[in-house]
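Everything below concerns the one structure shown next.
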Amino acid sequence: MRFEIEFSGHENIRSNHKRTIEITKDSELTLQGDCIIGVNANYSCSDLPNALKAKLQDPSSRVEFSIKVQDHEFVVKGKGHEDLILSHPEDIVIRKSDFVCPRTLAVKCDKASDLLPREMVKLLQNPKTKGTFTIVVE
């Protein structure tokens, strides 16, 4: 199953968190949001289709995330988890840890926002930049 989420850049994107990556439907971003790579997302956890949520709640699911910005692509691999709540109305967070909250989309991810190529981060610091966050669940 494949699902795409569109988002925009923001001047305060820093992308230097060592454990998570986040996109949000919010349009504002402070410098404290150092894991956020995109704002104005067209979906949050609560908006995802039920079929996708069911696959993400299967602990045997393998999940691949592709973040595309212009000619750049960043791929993250993670896992589903039976305790995922997937109910947050604004945010989506993928995590290296096993921590689960309403914002968590996947756990045990192999990368976090600190590894996003700096060329991508620079592009995302322009509010006019558009990106795509693609979820593929096996």
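Throughout, read-outs are computed from the coordinates displayed, never taken from laboratory work. Model, not experiment: these values are computed from the prediction. So basically every Cβ, Gly included, is an ideal-geometry build from the backbone, and we count neighbours across all protein chains shown.
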Answer yes or no as to whether Asp71 is charged (D, E, K, R), closer than 19 Å to Val121 by Cβ and in contact with a His (Cβ under 7 Å, 6 or more places away or on another chain). no
Take the stretch 13-69 and flag every residue that is under 15 Å from Leu105 (Cβ atoms), basic (Lys, Arg) and either touching a Cys at 6+ places or on another chain (Cβ under 6 Å) or in a loop (DSSP other than H, G, I, E, B) (or both). Arg19, Lys25
With (1) over 23 Å from Glu119 (Cβ atoms); (2) under 13 Å from the mean Cα position of the chain (by Cα) as the list, and Cys35 as the residue in question, which single condition is left unmet? (1)
Among the residues of the stretch 38-78, how many are of a type in the set (Ser, Thr, Tyr) and within 15 Å of the chain's Cα centre (by Cα)? 4
Restricting attention to the stretch 72-127, and to residues there that are touching a residue at least 60 places away in the same chain (Cβ under 8 Å) and of a type in the set (Ser, Thr, Tyr), which single residue is surrounded by the most Cβ atoms within 10 Å (Cβ to Cβ)? Ser113
Residue check, Lys111 within 12 Å of the chain's Cα centre (by Cα) and either over 23 Å from Gly131 (Cα atoms) or in a loop (DSSP other than H, G, I, E, B) (or both): yes
Working only within the stretch 1-12, note down all residues that are over 23 Å from Val107 (Cβ atoms) and of a type in the set (Asp, Glu). Glu6, Glu11
